[in-house]
1. Compute the semi-axes of the equivalent ellipsoid of segment 43-89, taking the square root of 5 times each eigenvalue of the Cα gyration tensor, and list them largest first in whole Å.
2. Take 46, 77 and order them by how many other Cβ atoms sit within 10 Å, fewest up front.
3. Would you mind computing, in nm to one decimal, how far apart the modelled labels at residue 3 and residue 93 are, each placed 7 Å from Cα along Cα→Cβ?
4. How do 75, 4, 108, 127 rank when sorted from fewest to most other Cβ atoms within 10 Å of their own Cβ?
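The numbers here are math on the coordinates, done by the rules we state, and not lab data. Keep in mind that this is a model prediction, so the values were computed, not measured. A quick note on method: Cβ atoms are made from the backbone with ideal geometry, for glycine too, and the neighbour counts reach across all protein chains shown.
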């Protein structure tokens, strides 16, 4: 192998490792886009509770069905690591980080339809179906 190829491979490995360390150790604060309908660490007895894990390098389950105008409480179980601990629903401006399963990401979907959810890097993805 040429020296430039080896250096490029080392650089990529360092970049990936740095990103993993950044996202997995960023547990001091939750990253939530403040929207009247999104919050973190709020447990609501009336909330629609959803627990997500990881299976085949993606969120599992990767399709969630919930009711409109009713709080949703997302728990990321202990199988969820790295950037997958950041849960994003772009349409609703939900951008939450859960350092561990005790931290819940909550939001209230304001409209019906089919929406995308993903991790902060877009590696893990899923579908959020909001019904009446």
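1. Numbers: eigenvalues 86, 25, 16 Å².
Result for segment 43-89: semi-axes of 21, 11, 9 Å.
2. Numbers: 46 7, 77 13.
With the sparsest Cβ surroundings first, the list reads 46, 77.
3. 5.3
4. Details: 75 17, 4 8, 108 21, 127 14.
Placing the least packed residue first, the sequence is 4, 127, 75, 108.
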